[in-house]
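Please read the structure below before turning to the comments.
The values are calculated or read from the model by the stated rules, or taken from the named source; none is laboratory data. Note that the structure is predicted; figures quoted are calculated from it, not measured. Don't worry about glycine lacking a Cβ; one is built from the backbone with ideal geometry, like all the others, and counts go over all protein chains shown.
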Amino acid sequence: MLLDCAYLIALVLGMMLVKAGRRTRLNWHGDRGLSFLQLDLRERARLGYARLPLPILQALPKCNPPPAGASQCKRDALDCRIEFSKVVSFSF
């Protein structure tokens, strides 16, 4: 349970970074998308090196944040995918 709480806090901080528009400062490689956990770990290392406090946690966003793809090709594949849903209809 402790690991799950730590993971959730790391994800929230990573989402806060993306929401604040600081993803490009930590993820300088244009074609590689880092996960929220990796963004948080880089930000914590930066804050620790500069001896700055951790930011105050905010609530999780109501809408989904933009996905982090492994590459530009992966991001294009996610944008162009077709999703199917099961349609059930009954006629009497």
Cβ contacts < 9 Å: first residue without any contact (Cβ under 8 Å) to a residue 60 or more places away in the chain, restricted to region 1-28; second residue aromatic (Phe, Trp, Tyr), any location; separation 6+ or different chain. Result? Ala10/Phe36; Leu11/Phe36; Val12/Phe36; Leu13/Phe36; Gly14/Phe36; Met15/Phe36; Leu17/Phe36; Val18/Phe36
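One line per residue, one yes/no per condition, for (1) touching a Pro at 6+ places or on another chain (Cβ under 8 Å); (2) among the β-branched types (Val, Ile, Thr); (3) in a loop (DSSP other than H, G, I, E, B); (4) at pLDDT 85 or above:
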residue	(1), (2), (3), (4)
Val18	yes, yes, no, no
Gly21	no, no, yes, no
Gly30	no, no, yes, no
Gly33	yes, no, yes, no
Arg46	no, no, no, yes
Val88	no, yes, yes, no
Residues of region 63-80 satisfying the condition of being farther than 20 Å from Leu26 by Cα, at pLDDT below 80 and assigned to a loop (DSSP other than H, G, I, E, B): Cys63, Asn64
